[in-house]
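Taking it in order: structure first as structure tokens, then the write-up.
FYI, it's all coordinate maths here, none of it is from the lab. On a predicted model such as this, the values are computed, not experimentally measured, just so you know. For neighbour counting, all protein chains shown are included, and Cβ atoms are generated from backbone atoms with ideal geometry for every residue, glycine included.
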Amino acid sequence: MRIFFPMLAMILALAFPLRAQQPAPRENPYDVIAKIFQPLWGVLLSESNGENRAASIVLEMTEVSGRLPKEMKGATLQAAVQFPDKVKLVAPVLGETFTVCRNGDQVWATPGSKVEYLVSQFQVVPRKGTKLKTPIFLPITPQQAIFLPALFSVSRPDVAEVEELHGESCRVLTAGLMPELAKATKAEDFQTRVWVAPGHKIRRIEVKRRDFSTVVEVREMTFSPSLPASTWEPPSETTDVFRTSPDMLEGLLYIVMNSLKSKSQDTPWISAK
């Protein structure tokens, strides 16, 4: 289950589409990484000095290989987050559109009957003893977030590799985890390539490990002071709703990420241990 959140934190580091013809970021790659994540901390970790406390995201998994189910290819995920206690994920699961949402001290998910089925199949248990003070659980504090770029080891940091992507000039960063962290987390084989458009906005992320790889395209991302209150409530016509507490949020997100475009007989690809 812990694999999901670092991936989620990286995937969520996105931003607005900008005009073409602007130059790609050319500064020190560690400064580029810091500026990629900076807009997210006011949404995910703590209140920021800016007015934007919410974000809406649309991602598409355009390539998958290895132990990732081939059915994941083409899966589109929609996410919304608002500091300090709201998050929503919409994704294709078991041939239907699944929604998991936290709205303060309440969590709901639809379709409720299938969510209950998957909770029993995955034997998900609540995360007890940790009161969420942020939209989702992330294993870093606002203070630690400042040093996040130091956790990566950038290949050829002295070279500003640039590629055209969808009409934009993008800086391409290739990185792994710093050796000590990679060894401690048994992720020596982890490698990522990130396409960064003008304004330090991520457009594509490629993640590779020994037994799987994936490419995620950013289709949409917007920041705003807040999102409509209706964002965090089930549609009025929906009656099949599973309701629970924030203790189950991590488990429900784990279920969705493990079941993207899958069939009921498929086995999990992320280990819960």
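With an 8 Å Cα cut-off and a minimum separation of 6 or more residues, compute the relative contact order for the chain in percent.
31 percent
For the cross-link pairs Lys35/Lys201; Lys35/Lys73; Lys86/Lys208, which exceed 19 Å when the distance is taken from alpha carbon to alpha carbon?
Beyond 19 Å between Cα atoms: Lys35/Lys73; Lys86/Lys208.
Could you pull out the pairs from Lys88/Lys186; Lys88/Lys128; Lys70/Lys114 whose alpha carbons sit more than 24 Å apart here?
Distance filter (> 24 Å) returns Lys88/Lys186.
With point charges of +1 on the Cβ of Lys and Arg and -1 on the Cβ of Asp and Glu, referenced to the Cα centre of the chain, which listed residue (Gln144, Gly112, Pro39) lies farthest in the positive direction of the dipole?
My answer, from the dipole projection, is Gln144.
Using the crude model of +1 on Lys and Arg Cβ and -1 on Asp and Glu Cβ, and no other charge, please compute the dipole size for the chain relative to its Cα centre, in debye to 20.
For this selection, approximately 480 debye.
For the chain, take the longest principal axis of its alpha carbons; what is the angle in degrees between that and the long axis of helix 249-258, to the nearest 10 within 0 to 90?
Orientation of helix 249-258: about 70 degrees from the principal axis.
If I take the Cα coordinates of the chain and project them onto the principal axes, what are the three extents in Å, biggest first?
Reported extents, whole Å, longest axis first: 54, 41, 37.
Roughly how many Å is it from the Cα centre of the range 46-78 to that of the range 209-223, as a whole number?
Here the two parts' Cα centres lie 6 Å apart.
As a test of the formula, what do you get for the chain when each DSSP H run with n ≥ 4 contributes -39,500 (n - 2.57) and the sum is divided by the residue count, at 222 nm and rounded to the nearest 500 deg cm²/dmol?
-5500 deg cm²/dmol
Compute the distance in nm between two label points, each set 7 Å from the Cα along the Cα-to-Cβ direction, one at Asn52 and one at Tyr30.
Each label point is offset 7 Å from its Cα along the Cβ direction, giving 2.6 nm.
Quick check: residue separation of Ser153 and Gln121 times 0.36 nm, minus the Cα distance between them. What number comes out in nm?
So the chain would gain 7.7 nm between Ser153 and Gln121.
If a paramagnetic tag sat 7 Å from the Cα of Thr231 along the Cα-Cβ line, which residues of the range 77-98 would have the backbone N under 17 Å from that point?
Of the residues in the range 77-98, 77-91 have backbone N under 17 Å from the label point off Thr231.
For an R0 of 22 angstrom, estimate the FRET efficiency from the Cβ-Cβ distance between Arg209 and Thr141 and round to the nearest 0.05.
0.25
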